[in-house]
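Everything on this sheet refers to the single structure shown next.
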Amino acid sequence: MEMIKRPRRLRGGQTIRKMVRETRMDKASLIYPMFVVEGTGIKEEIPSMPGQYHYSLDKFPAALEEAAKAGVSSVLLFGIPDRKDEVGSSAWAEDGIIQKALRLAKEKVPELYYITDVCMCEYTSHGHCGALCGHDVDNDATLPLLARTALSHVEAGADMVAPSDMMDGRVGAIRKILDENGHQEIPIFAYSVKYASSFYGPFRQAADSAPSFGDRKTYQMDYHNVKEGIKEALLDVEEGADLVMVKPALSYMDVIRRVSEAVSVPVGAYSVSGEYAMIKAAALNGWIDEASVVCESAASIYRAGADVLITYYAKELAKYMDEGRIG
Ligand code: PBG
């Protein structure tokens, strides 16, 4: 049979397959989300996210060391406070859970890079991502609260802040307050293209942050849209975002692709709690091979255009990358 072009030639063995791979990954691009809580002696598995834990501060450094040992270099911190109020004032408290966690982490495990999620929903009694005006979040009244929270994180040692609230103008407000206080060097990783997604369900259980009424659709994006996502990403870059994020990841590959082509800053993708929970549940039932599915989904997200991946599987992926299983 006469056939000059045979694509299978480049798939003939592992060496050549790896040689011509189109998507390359590095564990330096992984970010591992972690949850800290008040109290002592707590390392409690999150029911909706088997394998992920709530840590009280005394148990937290060991968990950070474990992540570092697994090859993870950056973590994204979420705090669950023990008191909430209308405006979420414990988000910026000097002795807030994140502020205490940061000071401890920087002292005990300084080799890690610390990113904090900046949002009000874990701290407000109503569970919305900002201050309320009637039954909706008041955009402009929320900006100073977010800015103040971001500044307090940086003052407690955060290396980077990641606003996830989806208020208009928050990146500019945060950049301004950081600069006014001499923190010009701290980057902002904006959750720019964040959809109102049911894939956050397990996280809201983990972070105790489900809205007590309504939903987040007046601030998070409608999942039918992609041009709007490009608008959001471009606006955030204009306001000073150093990295932009698309969230969730697996159902939004087209968005990752379009955004990565539209901006000239690194693009992160957040493979969220629901994505983790679906893979974990199927794996625990013996329906899929967990490691293979984790590798395949991660590679797909990078292939779509992500430069950075936020994932609850970061420790496992760092290992798989080291082993050459993917990468
Ligand atoms: C805070 C925030 C959420 C997530 C990250 N930051 C929840 C939400 O917006 O409801 C979701 C993360 C995940 O599902 O893994 N606003």
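For region 191-202, the set of residues classified as of a type outside the set (Ser, Thr, Tyr), within 12 Å of the ligand (Cβ to nearest atom) and open to solvent by less than 30 Å² (accessible area, probe 1.4 Å) consists of Lys194, Ala196, Pro202, listed by residue number.
Of the candidates Glu228, Glu239, Glu316, the single residue that is of a type in the set (D, E, K, R), touching a strand residue (DSSP E or B) at 6+ places or on another chain (Cβ under 7 Å) and over 18 Å from Phe199 (Cα atoms) is Glu228. Count of region 147-193 residues, restricted to those that are polar (S, T, N, Q) and assigned to a loop (DSSP other than H, G, I, E, B), is 3.
Scanning region 77-108 for residues that are part of a strand (DSSP E or B), surrounded by fewer than 20 Cβ atoms within 10 Å (Cβ to Cβ) and within 21 Å of the chain's Cα centre (by Cα) yields a count of 1.
For Ala210, indicate whether it is modelled with pLDDT under 95 and within 13 Å of the ligand (Cβ to nearest atom). So Ala210 fits the description; yes.
Could we say that Thr116 is part of a strand (DSSP E or B) and either buried (at least 24 other Cβ atoms within 10 Å of the Cβ) or more than 22 Å from the chain's Cα centre (by Cα) (or both) here? So Thr116 fits the description; yes. Residues in region 36-73 that are of a type in the set (Ser, Thr, Tyr) and without any contact (Cβ under 8 Å) to a residue 40 or more places away in the chain were compared, and the one that is nearest to Ala282 (Cα to Cα) is Tyr53. Just give me the residues in region 165-179 being in contact with an Asp or Glu (Cβ under 6 Å, 6 or more places away or on another chain) and either within 15 Å of Gly130 (Cα to Cα) or within 16 Å of the ligand (Cβ to nearest atom) (or both), in sequence order. Hit for region 165-179 is Val171, nothing else.
Annotation note: of Ser74, Ser48, the sole residue that is open to solvent by 20 Å² or more (accessible area, probe 1.4 Å) and in contact with a helix residue (DSSP H, G or I) (Cβ under 9 Å, 6 or more places away or on another chain) is Ser48. Please work out if Thr23 is more than 16 Å from the ligand (Cβ to nearest atom), surrounded by fewer than 11 Cβ atoms within 10 Å (Cβ to Cβ) and under 29 Å from Met160 (Cβ atoms). Considered against the rule, which asks whether it is more than 16 Å from the ligand (Cβ to nearest atom), surrounded by fewer than 11 Cβ atoms within 10 Å (Cβ to Cβ) and under 29 Å from Met160 (Cβ atoms), Thr23 comes out as no. Out of curiosity, is Gly182 away from the ligand (no atom under 16 Å from the Cβ), in contact with a Lys or Arg (Cβ under 6 Å, 6 or more places away or on another chain) and at positive phi? Against the criterion (away from the ligand (no atom under 16 Å from the Cβ), in contact with a Lys or Arg (Cβ under 6 Å, 6 or more places away or on another chain) and at positive phi), Gly182 does not qualify. Checked against (1) without any contact (Cβ under 8 Å) to a residue 12 or more places away in the chain; (2) over 17 Å from Arg170 (Cβ atoms), Val226 meets all criteria but (1). Taking the stated definitions as given, is Ala147 open to solvent by less than 10 Å² (accessible area, probe 1.4 Å), in contact (Cβ under 8 Å) with a residue 60 or more places away in the chain and more than 17 Å from the chain's Cα centre (by Cα)? Considered against the rule, which asks whether it is open to solvent by less than 10 Å² (accessible area, probe 1.4 Å), in contact (Cβ under 8 Å) with a residue 60 or more places away in the chain and more than 17 Å from the chain's Cα centre (by Cα), Ala147 comes out as no. Scan region 58-111 for residues that are polar (S, T, N, Q) and touching a Pro at 6+ places or on another chain (Cβ under 9 Å) and the total you get is 1. I'd like to know if region 119-142 contains one or more residues that are in a helix (DSSP H, G or I), within 16 Å of the ligand (Cβ to nearest atom) and touching a residue at least 24 places away in the same chain (Cβ under 8 Å). Yes, that holds for at least one residue. Looking across region 196-235, the residues that are under 26 Å from His135 (Cα atoms), touching a helix residue (DSSP H, G or I) at 6+ places or on another chain (Cβ under 7 Å) and not small (Gly, Ala, Ser) come down to Phe199, Tyr200, Pro202, Phe203, Met221.
With respect to Gly39, is the statement that it is part of a loop (DSSP other than H, G, I, E, B), surrounded by fewer than 17 Cβ atoms within 10 Å (Cβ to Cβ) and of a type outside the set (Lys, Arg) true? So Gly39 passes the test. Being free of Cβ contacts under 8 Å to residues at least 24 places away in the same chain and closer than 27 Å to Glu323 by Cβ is a condition met by at least one residue of region 21-29.
The values are calculated or read from the model by the stated rules, or taken from the named source; none is laboratory data. Source: prediction; values computed, not measured. All Cβ positions, even for glycine, are placed from backbone atoms using ideal geometry, and neighbour counts span all protein chains on display. Only protein heavy atoms, including side chains, enter the accessible area calculation; ligands, DNA and RNA are left aside. Shrake-Rupley method; radii C 1.70, N 1.55, O 1.52, S 1.80 Å.
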